[in-house]
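**Q** Okay, here's the structure, questions in a sec.
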Amino acid sequence: MFDIFDEEVFADAVWEEFSVLDGNYVGDQCHNLLPRLQATFDEMFETVFVILDRETGNPMNPNAALTKRDAAEEFLKIVGDEKYEIGILLRDR
């Protein structure tokens, strides 16, 4: 899966809610918790990458759904990132 949540940002957000806890403790717990949350997310959703028109947000080609972020980045190099961008589509499993 493409990592949607940055581990450090996640730990900071949790620590803000539980600021009475030691920051290092929260960071360690979040380091263990985040992979479990990502696994649950992966069970619920399929992440697909599409090339979008920057102005309209519409897919360049609705039939082109890429399963790898690297493939989407390579495709974007071909069509040009001045007019297009990568979008993330979450599909229910």
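**Q** Tally up the residues in region 54-78 that are more than 20 Å from Ile4 (Cβ to Cβ), part of a helix (DSSP H, G or I) and among the charged types (D, E, K, R), please.
**A** Residues flagged as more than 20 Å from Ile4 (Cβ to Cβ), part of a helix (DSSP H, G or I) and among the charged types (D, E, K, R) within region 54-78 amount to 2.
**Q** So if I check each of Ile88, Ile51, Ile4, which one is in a loop (DSSP other than H, G, I, E, B), within 17 Å of the chain's Cα centre (by Cα) and surrounded by 11 or more Cβ atoms within 10 Å (Cβ to Cβ)? Spell out the reasoning first.
**A** Details: Ile88 fails: in a loop (DSSP other than H, G, I, E, B); Ile51 fails: in a loop (DSSP other than H, G, I, E, B).
After applying the criteria, what remains is Ile4.
**Q** Failed condition for Arg93, given (1) exposed (fewer than 12 other Cβ atoms within 10 Å of the Cβ); (2) in contact with a His (Cβ under 8 Å, 6 or more places away or on another chain), with all others met?
**A** (2)
**Q** Follow-up question, since we're still on this one. List the residue pairs whose Cβ atoms are under 7 Å apart, where the first residue sits in region 49-70 and is touching a residue at least 60 places away in the same chain (Cβ under 8 Å), the second is in a loop (DSSP other than H, G, I, E, B) and aromatic (Phe, Trp, Tyr), and the two are 6 or more positions apart or on different chains.
**A** Arg69/Phe2
**Q** I need the full set of residues from region 54-85 which are hydroxyl-bearing (Ser, Thr, Tyr) and surrounded by fewer than 12 Cβ atoms within 10 Å (Cβ to Cβ), in order please.
**A** Residues of region 54-85 hydroxyl-bearing (Ser, Thr, Tyr): 56, 67, 84.
Listed by number, the residues that qualify are Thr56, Thr67.
**Q** A further question follows. Quick one: count up the residues across region 12-43 that are closer than 27 Å to Gly87 by Cβ, aliphatic (A, V, I, L, M) and free of Cβ contacts under 8 Å to residues at least 24 places away in the same chain.
**A** Residues flagged as closer than 27 Å to Gly87 by Cβ, aliphatic (A, V, I, L, M) and free of Cβ contacts under 8 Å to residues at least 24 places away in the same chain within region 12-43 amount to 2.
**Q** How many of the residues in region 7-38 are more than 17 Å from the chain's Cα centre (by Cα), of a type in the set (Asp, Glu) and not in a loop (DSSP other than H, G, I, E, B)?
**A** Looking only at that region, the number is 4.
Values quoted throughout were computed directly from the atomic coordinates according to the rules given, and no laboratory measurement underlies them. Please read these numbers as outputs of a predicted model, since none were measured by experiment. Note that each Cβ is placed from the backbone with ideal geometry, even for glycine, and that neighbours are counted across all protein chains shown.
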